[in-house]
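Step one of this worksheet: look at the structure below.
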Ligand SMILES: Nc1ncnc2c1ncn2[C@@H]1O[C@H](COP(=O)(O)OP(=O)(O)OP(=O)(O)O)[C@@H](O)[C@H]1O
Ligand SMILES: [Mg+2]
């Protein structure tokens, strides 16, 4: 599964690759630039040589023309010249012609070289342009990845938290079912098995010893009463019907009666304001938060006294739950233990779903205070 951390790794890798590619392109571009400069210098040299050579060739042409004219003159006025002079004129004209041909072919070579160099220069220029283009494209991609993909990875993180929350809700539900199943198994189910056995025994007793039946029936009645009480308690824990019938404050009061008896913790419940019924979802949520807070008190706080103060105003209801127990460090919850804690998270979630505020203040040795308020219409 793609999670925020691996998304981050992927993005960082991509960014790293882009940086490397950018550097490689910088290298290529620098190399190309050097090459370009060398070829440009060479081209300058070649151009100079070509110009020089052209001058040279022009001069040679002049000389060749003169030599040719002289030769024509010599061959026309043959008789006026000595044989030696004639031969020299021939030689000279020929030498100049050979020299001229040599120079002309050298000129052609140089011109070809110049054209080649110019072509290379144009190619290198095009490459430089491309490299520059790529560098700027990569820069854009780089910025984009840096900004937008890290946003994506943080929203993946949020989605994951949501998913985690969903998972923890399902786990909490399963835990609750397990708890109820265990309670029924250990309580009413055992008692009922007992009742069946007792009833069979009483049936036999009726034949053998009818005087004792009355006594046995009384103890059977006690068993049935106890099972009924157990079942009522389980039903109450699942969903207190007083909550639906009478509202939040009576439900809390009723819960506290059992709680005090069961755990030997004194609970003081005070209420200010008008008891006006709230939407069912709000009542259930607030009841569960109080219940969870009190679960924590008997499980962790070792407190002797708890104060629950509720105030219902026209636009909001506030609840304060304060124990005189040993306190804890709220920031450290879940960090040191590998056991999963849902209580505080669930409380906060329930309040936040109602757009309310939830705050927990606790110091080791100084008890715990939970403050919450939920807007009402
Ligand atoms: N009133 C309190 N007094 C002292 N410690 C508390 C109190 N409430 C909570 N804690 C501490 O905070 C921890 C987290 O509480 P939380 O309700 O989230 O989880 P839990 O009670 O350990 O487990 P769960 O509620 O999921 O069964 C507890 O383990 C406990 O150490
Ligand atoms: Mg808890």
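Expressed in nm to one decimal, what extension gain is obtained for the pair residue 341 and residue 44 from 0.36 nm per residue of sequence separation less their Cα-Cα distance?
98.8 nm
Mind pulling the per residue volume of the convex hull built on the Cα atoms of region 168-237? Å³ is fine. Don't skip to the end; give the middle numbers.
Working: hull volume 4.0 nm³, N = 70.
Residue-normalised Cα hull volume stands at 57 Å³.
Report relative contact order for the chain in percent, whole number only (criteria: Cα-Cα under 8 Å, sequence separation at least 6). Each step should come with its number before you reach the end.
Numbers: 348 pairs, mean separation 45.4, N = 377.
The value is 12 percent.
Starting from 0.36 nm per residue, how many nanometres of slack lie between residue 12 and residue 254 once their C-alpha separation is accounted for?
Stretched out fully, the residue 12 to residue 254 stretch lengthens by 81.3 nm.
What spacing in nm lies between the two simple spin-label points modelled at residue 20 and residue 186, each 7 Å away from Cα in the Cβ direction?
6.0 nm
Given Cα positions, please report Rg to Rh for the chain, the hydrodynamic radius being the Kirkwood one.
1.63
For helix 343-353, report the angle its Cα long axis makes with the longest principal axis of the Cα atoms of the chain; keep it between 0 and 90° and round to the nearest 10°.
80 degrees
Given points 7 Å out from each Cα along the Cα-Cβ axis, report the residue 246 to residue 231 separation in nanometres with one decimal.
It works out to 2.2 nm between the two label points.
Within region 45-65, what residues put their amide N at less than 11 Å from the label point 7 Å along the Cα-to-Cβ vector of residue 104?
Backbone N within reach: 61.
Say R0 is 25 Å: what FRET efficiency, to the nearest 0.05, do residue 295 and residue 3 get from their beta-carbon distance?
0.20
Where does the chain land at 222 nm, in deg cm²/dmol rounded to the nearest 500, when only DSSP H runs of n ≥ 4 count, each adding -39500 (n - 2.57), divided by all residues? Don't jump to the answer; show the numbers that get you there.
On the way: 9 runs with 265 residues, N = 377.
Helix-only estimate at 222 nm: -25500 deg cm²/dmol.
Restricting things to alpha carbons, tell me how big region 4-164 is in terms of Rg and Dmax, in Å.
34.5, 122
Helix 213-238 versus the longest principal axis of the chain: what is the Cα-based angle in degrees, 0 to 90, to the nearest 10?
For helix 213-238, the angle is close to 30 degrees.
Using R₀ = 56 Å, calculate the FRET efficiency as 1/(1 + (r/R₀)^6) where r is the Cβ-Cβ separation of residue 136 and residue 376; round to 0.05.
Efficiency, rounded to the nearest 0.05: 0.45.
Considering only DSSP beta bridges where both residues belong to the chain, give the percentage that are antiparallel (nearest 5).
Details: 21 of 29 bridges.
Roughly 70 percent of the beta bridges in the chain run antiparallel, per DSSP.
Picking from 310, 241, 72, which is most flexible by a Gaussian network model of the chain using Cα springs under 10 Å?
Result for the chain, Cα springs under 10 Å: 72 fluctuates most.
What is the distance in Å between the Cα centres of region 312-349 and region 139-193?
Cα centres, region 312-349 to region 139-193: 19 Å.
Provide the gained length on full extension for the span residue 311 to residue 169, in nm with one decimal, where the gain is 0.36 nm per separating residue minus the Cα-Cα distance. Walk me through the numbers before you get to the answer.
Values: separation 142, 0.36 × 142 = 51.12 nm, distance 2.92 nm.
That pair, residue 311 and residue 169, stretches by 48.2 nm at full extension.
Between helix 280-296 and the chain, what is the angle of the helix's C-alpha long axis to the longest principal axis, kept within 0 to 90° and rounded to the nearest 10?
The helix 280-296 is inclined about 80 degrees to the chain.
Note the direction-averaged projected area, equal to a quarter of the hull surface, for the Cα convex hull of region 239-375, in nm².
Details: hull surface 32.3 nm².
With every direction weighted equally, the projected area is 8.1 nm².
Along Cα→Cβ, 7 Å out, is where each label goes; now give me the distance between the ones at residue 239 and residue 59 in nm to one decimal.
Placing both labels 7 Å along Cα→Cβ, they lie 11.6 nm apart.
None of the figures in this text is laboratory data; all of them are computed from the coordinates on show. Predicted model, so just to flag it, every value in this text is computed and none were measured. All Cβ positions, even for glycine, are placed from backbone atoms using ideal geometry, and neighbour counts span all protein chains on display.
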